[in-house]
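To start, the structure under review is shown below, and the notes come after it.
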Amino acid sequence: MTNPVVHLTHARIRLALHELRGGAGRPLLLLHGLGERSPERVPDELAGWPGPVHALDLSGHGASDVAVGGGYYCEALMADADAALGHLGEATVHGRGLGAYIALLLAGAQPDRVRGAILADGPGMR
């Protein structure tokens, strides 16, 4: 079964926001590591999250568009995640590797919308 996908637009890039689990309550937004994509299901370590779970394919990853020129710098990826927050509203953000760095930046920049950040090890920049 395929998860529902919402397509968001940021800087003329179409981003894929996957709904891994619906429900009521505060959403959890998953941000993957460098070179990865959104998981197809809620990871086992996050199965106990009480609300809906969404995962964003950052620019150039998974089902999201590739940026012209391939510029994957933190500010652009942070703006991708901000577009997802614009759709979800207040959320807790879980980031893995590069996604953790983006989650940390986003939490500092948007404390009114990011209610918490969970930072996990994963692939980063080489």
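Tell me which GluC sites (Glu not before Pro) from the range 24-126 have a DSSP coil assignment and no more than 15 other beta carbons within 10 Å of their own. Don't skip to the answer; put the middle values down first.
Numbers: sites: GLU36, GLU40, GLU45, GLU75, GLU90; in loops: GLU36, GLU40, GLU90.
Those that pass, being in a loop and sparsely packed, are GLU40, GLU90.
Of all the accessible heavy-atom surface of the chain, with the other protein chains kept in place and a 1.4 Å probe, what percent is carbon and sulfur?
Details: 3490 of 6560 Å².
Ligands and nucleic acids excluded, carbon and sulfur reach 53 percent.
Going by average Cβ density within 10 Å per residue, which order do the peptides 19-29, 96-106 take, highest to lowest?
The peptides rank, most packed first, as 96-106, 19-29.
Probe of 1.4 angstrom, ligands and nucleic acids ignored: what's the accessible area per residue over the range 1-94, in square angstrom?
Working: 4710 Å² over 94 residues.
Here the per-residue accessible area is 50 Å².
Given the options VAL53, VAL66, VAL114, state which has the largest fluctuation in a GNM of the chain using a 10 Å cut-off (strictly under) for Cα springs.
Of VAL53, VAL66, VAL114, the most mobile in the Gaussian network model is VAL66.
What is the percent of Cα-Cα separations in the chain that go past 25 Å?
On the way: 1026 of 7875 pairs.
When every Cα pair of the chain is considered, 13 percent fall beyond 25 Å.
In percent, what relative contact order does the chain have, based on Cα pairs under 8 Å that are 6 or more apart in sequence?
On the way: 271 pairs, mean separation 32.8, N = 126.
Normalised by residue count, the contact order of the chain is 26 percent.
Work out the length of the dipole vector of the chain about its Cα centre, built from +1 on the beta-carbon of each Lys and Arg and -1 on the beta-carbon of each Asp and Glu, and round it to the nearest 20 debye. Show your work: numbers first, answer last.
Working: 10 positive and 13 negative charges, 16 e Å.
Rounded to the nearest 20 debye, it is 80 debye.
Let me check I've understood the local charge: for LEU15, count other residues with C-beta under 14 angstrom from its C-beta, Lys and Arg +1, Asp and Glu -1. What total comes out? Present the calculation step by step, with values, prior to reporting the outcome.
Details: positive: ARG12, ARG14, ARG37; negative: GLU19, ASP57, ASP65, ASP80, ASP82.
Its environment carries a net charge of -2.
The values are calculated or read from the model by the stated rules, or taken from the named source; none is laboratory data. This is a predicted model, so every value here is computed, not measured. Note that each Cβ is placed from the backbone with ideal geometry, even for glycine, and that neighbours are counted across all protein chains shown. When the accessible area is computed, the model is the full protein with side chains, heavy atoms only, and any ligands, DNA or RNA have been set aside. Shrake-Rupley method; radii C 1.70, N 1.55, O 1.52, S 1.80 Å.
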